[in-house]
Amino acid sequence: APACCSARYNLAMLAFFGFFVLYALRVNLSVALVDMVESNTTLAENRTSKECADHSAPIKVLRNQTGKRYQWDAETQGWILGSFFYGYIITQIPGGYVASKVGGKLLLGFGILGTSVFTLFTPIAADLGFVALIVLRALEGLGEGVTFPAMHAMWSSWAPPLERSKLLSISYAGAQLGTVISLPLCGIICYYMNWTYVFYLFGIVGIFWFILWMWLVSDTPATHKTISHNEKEYILSSLKNQLSSQKSVPWIPILKSLPLWAIVVAHFSYNWTFYTLLTLLPTYMKEILRFNVQENGFLSALPYFGCWLCMILSGQAADNLRAKWNVSTICVRRIFTLIGMIGPAVFLIAAGFIGCDYSLAVAFLTISTTLGGFCSSGFSINHLDIAPSYAGILLGITNTFATIPGMIGPVIAKSLTPNNTVKEWQIVFCIAAAINVFGAIFFVLLAKGEVQKWAVSDYHGHKN
């Protein structure tokens, strides 16, 4: 079944735009918040490090100042930014379970629609006070929490085993591109219009995507209206011996599965570095490397552009290794996880120890995040290798643990850098690198690449 114009690649592209919108909705507040707060309440004392010299003159641009501003101190802002994860962590496992029962289409669609609608109400919530804004962001987290497990559940019915890396890397790469485009775009909107338009723009785009999703997508190839007979037969026959028909979820075997815990540890470790950099890279660029606001938006987005490119290319490479070179699935997952976790660790440490060499620091941080894209064809899709029928539930479990670094990683990093010195940031980078290396080794030792017995059998070990 050719890939061009096929139903499965159409699904991958629609999912790509869905995750693009999702990450734009996620990171928009971190940019807009700078404009929402009175400048004299952000920090009592100037914490900019003087170790590195200024190397760029500030660019004077006429700035729109019509957006309303609020008296929120640094601690309050921390609570506002972190509140998203408190909702996000709750719906991971329930999202995977519901998707395995009713399918991922409605769950993913309404998850993004809910997040988009709540985003439109952000200016009203901010007017009501920071508590209302914290509650609204937590509700957005609840909506986004079901999306990744729902997508994994859909791919368990749609992705032929030898095309998994390609299809999943295309769909999830939208998250990286959403970060790349929304970080500078939000800055531009805040600069020339005002911060409220950031939320209106992305909220409306999310609703438009939802209409397309509901119109064009089906839960399974069997229920798709316009899929060709050849493609339907190709997908269904390739998944014939991989899916379970048992109605109840084998929770005990799932929780006892060492290959699952290998993914949990790898996912936790990878996200520690990812979330620490996503949250604090703009701070590092400004306070240590002394880049001005305009440069900062572009340079903070650059690493995620590299990661997006790497995800797309590594997905193609991983499936070619398996299909054309006959490399085993587990071997491909191990190699790509090692490159995607140890590579970033090496360049992260290098970035911390080159001092004030601006161009090298930006290059190393960009290479570090770019190499992380290999993980999308490593541990990230290993759930579908070991238990396609329960992939949504497994991703819900691993993503629950992997959300914890988003809640505590930046907090620990902030506490380790009270004076914003190069030495303090070296400690932050070294901790992230050590966690990454540990996760990679743990995964390589315990991961599996074939469908586990409990994923296709009933409780007595008989095939259905």
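The values are calculated or read from the model by the stated rules, or taken from the named source; none is laboratory data. In this text the structure is predicted, and so the values were computed from the model without any measurement. Ideal geometry is used to build each Cβ from the backbone, glycine not excepted, and the neighbour counts take in all protein chains shown. Ligands, DNA and RNA are excluded from the accessible area calculation, which covers all protein heavy atoms including side chains. Shrake-Rupley method; radii C 1.70, N 1.55, O 1.52, S 1.80 Å.
At a glance:
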read-out: Listed residue pairs exceeding 29 Å between alpha carbons, taken from 68/286; 414/448; 166/286; value: 414/448; 166/286
read-out: Charged-residue dipole, Cβ positions (Lys, Arg, Asp, Glu), segment 125-257 about Cα centre, Debye nearest 20; value: 420
read-out: Heavy-atom SASA rank of 428, 411 (probe 1.4 Å, accessible area, largest first); value: 411, 428
read-out: Cα-centred dipole magnitude for the chain, charges only on beta-carbon of K, R (+1) and D, E (-1), debye, nearest 20; value: 960
read-out: Estimated FRET transfer efficiency (residue 423, residue 74; beta-carbon r; R0 22 Å; 0.05); value: 0.50
read-out: Pairwise label distance in nanometres, residue 53 with residue 356, each label 7 Å out on the Cα-Cβ vector; value: 0.7
read-out: Of the trypsin sites (Lys or Arg not before Pro) in segment 263-328, those whose Cβ has at most 13 other Cβ within 10 Å and which sit in DSSP loop; value: 324
read-out: Net charge, residue 383 excluded, C-beta distance under 12 Å - Lys, Arg +1, Asp, Glu -1; value: +2
read-out: Zero-based 5 Å bins, Cα pair distances in segment 315-464, whole percents; value: 2, 9, 14, 17, 18, 13, 10, 7, 5, 3, 1, 1, 0
read-out: For the chain, calculated [θ]222 nm from helices alone, where every DSSP H run of n ≥ 4 adds -39500 (n - 2.57); value: -24000 deg cm²/dmol
read-out: Signed unit charges on C-beta, dipole axis of segment 246-346, positive-most listed residue 338, 289, 257; value: 257
read-out: Computed lengthening from residue 408 to residue 249, 0.36 nm per intervening residue step minus Cα-Cα distance; value: 54.1 nm
read-out: Among 358, 398, 381 the positive-end extreme of the charge dipole of the chain (Cβ point charges); value: 381
read-out: Dipole of the chain, positive end: most advanced residue of 268, 218, 172 [Cβ charges, Cα centre]; value: 218
read-out: Relative packing of peptides 20-28, 398-406 - highest average C-beta neighbours within 10 Å first; value: 20-28, 398-406
read-out: Electrostatic dipole magnitude of segment 236-328 [Cβ: Lys, Arg +1; Asp, Glu -1; Cα centre; debye, to 20]; value: 400
read-out: Residues residue 324 and residue 132, FRET efficiency given R0 of 56 Å [Cβ-Cβ distance, rounded to 0.05]; value: 0.50
read-out: With Cα atoms, 0 to 90° folded angle of helix 104-120 axis to the chain main axis; value: 10
read-out: Listed values [x] 38, 25, 20; [y] 45, 31, 19; [z] 52, 32, 19, entry calculated as semi-axes √(5λ) of the Cα gyration tensor in Å; value: [x]
read-out: Separation of the residue 117 and residue 188 label points, Cα + 7 Å toward Cβ, nm; value: 3.1
read-out: Using a Förster distance of 51 Å, the FRET efficiency for residue 4-residue 346 (Cβ separation, nearest 0.05); value: 0.85
read-out: Segment 231-307 and segment 1-18: distance between their alpha carbon centers, rounded to Å; value: 21
